[in-house]
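Derivation of every value follows stated rules applied to the coordinates shown; laboratory data play no part. The structure presented is a predicted model; accordingly, all values stated were derived computationally and were not measured. Note that each Cβ is placed from the backbone with ideal geometry, even for glycine, and that neighbours are counted across all protein chains shown.
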Amino acid sequence: MFPHLVARLFDTPLMMEPGKAAVIADALGPRLLGHPVSLHGVEMGVLGNPLYREEAEYVRPDIIDGVAIIPVEGSLVAKGKWVNSYSGETSYEGIQAQIASVRADRGVRGVVLEVDSFGGEAAGAFSCAEAIHALAAEKPTIAILTENACSGGYLLAAATRAIVIPETGHAGSIGVVTMHASVAGALEKAGVDVTIIKSGAHKADFNPYEKLPTSVARQVQADMDSMRDLFAVTVARYRGGRLSRDAALETEAAVYRGAAALAAGLVDAVADPIEAFAAFVAEIGRSATIPA
C-alpha cells in the first residue's frame, strides 16, 4: 500500500491537464491498492547535456556560455529528495534549490527553464512560480518548451520573461482539478462495513468509504473555482499586458497548440527549441560584451 501517494493524487487540488490526471489515476489506481509502483529512469532532456549530470541530488544545473538550464519535466510534486527529473517527476523543492544556486552565481548571466510538463500538485506551485518570477527580475529568464507547458507547468513558464513553444507543443490548461475515489461499492461487495467515528462535522469530508455528499462536492467546487481565479490572476500579473485575467479565464482551461497558443497570448514565439536556445545564448553573449 502507498497511502502517501493516494493522499497526493486523490482528494487534493491538482494543477494538471485533465487527460494526464486521468491517465495517472487509471495507471496507478490499481497499484496503489497493493501492487508495486513502476518507476522509470531519469529522462533525457533536449537542451544542454543532461546525460552528463551526476545523480538527481546534484543542485547545480547545466551552464552553457553563462546560461543555466533548469529542467521542469514530467509530473510536478511539492517535495522530493531529488532536484532534477526523476521517475517522471520534478519537485518544486528541487527547482527552487536550483534557482537559489543560479541567483547566487555571478557567472550565470541568463536562465532557461526547459519545460515539458502537464503540471502536477497545486501545493508548492505558486511559491515556486514566485521564486522563478523573482529570478526573472534579476537575470534574463525565459521558458523554452520542449513540447508541453500545461496547468502547473504553464504557471511556472509564465513566471519567466518570455515563453517559446514549438509548432507541435501545447500550452494552457489554466484550471484546477481534483478527484475523489469512493470504494464504498467495492467494500459492500466484499461484505466490509466501515464505521466512521468523528469529532467535528467536517472531519471525515472526502473520506473514500462513502459516496461524496452533495454539500461537500459544492464546497470543493467553490474551492476549485477560487484557486482557478488565483491561477488566472497570477499568470496575468506575470504576463503583463500579453494575457489578462479575463482572457485567461475565458480559455476555460483549454489547451492550445503552437500558433494557436501564440494567438491566445499564452506564449511569445513559435520556434524550434534548440534554435531558440542558441539564439538566447547568443543574445546573452552579446549583452556581456557591451561595456557597462
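Annotation: amide H-H contacts under 5 Å for Thr141 (H modelled 1.01 Å from N, sequence separation of 5 or more, or interchain): Val111, Arg161. Remark on Leu76: its backbone amide H falls under 5 Å from those of Thr90, Gly119, Gly120, Glu121, a criterion applied only to residues 5 or more positions apart or on other chains, H modelled at 1.01 Å from N. Think of the stretch 113-192 as having a plus end and a minus end, set by charges on the Cβ of Lys, Arg, Asp and Glu; of Ala123, Gly191, Leu156, Gly191 sits farthest toward the positive end of this dipole.
Taking R0 as 35 Å, what FRET efficiency do you get between Asp246 and Ala184 from their Cβ-Cβ distance, rounded to the nearest 0.05?
With R0 = 35 Å, the Cβ-Cβ based efficiency is 0.30.
In percent, rounded to a whole number, the relative contact order of the stretch 121-213 is 23, using alpha-carbon pairs under 8 Å and six or more apart.
Which values of log₁₀ I(q)/I(0), to two decimal places, follow from the Debye formula for the stretch 64-222 at q = 0.13, 0.20, 0.21 Å⁻¹ with a uniform point scatterer at every Cα? Cα-only, vacuum Debye calculation for the stretch 64-222: -0.69, -1.15, -1.24. The packing ranking, built from the mean of other Cβ atoms within 10 Å per residue, places the peptides 138-146, 153-161, 211-219 in the order 153-161, 138-146, 211-219, highest first.
Plainly put, the stretch 102-164 has a radius of gyration that is 0.97 times its Kirkwood radius, both from alpha-carbon atoms, as the Rg/Rh ratio.
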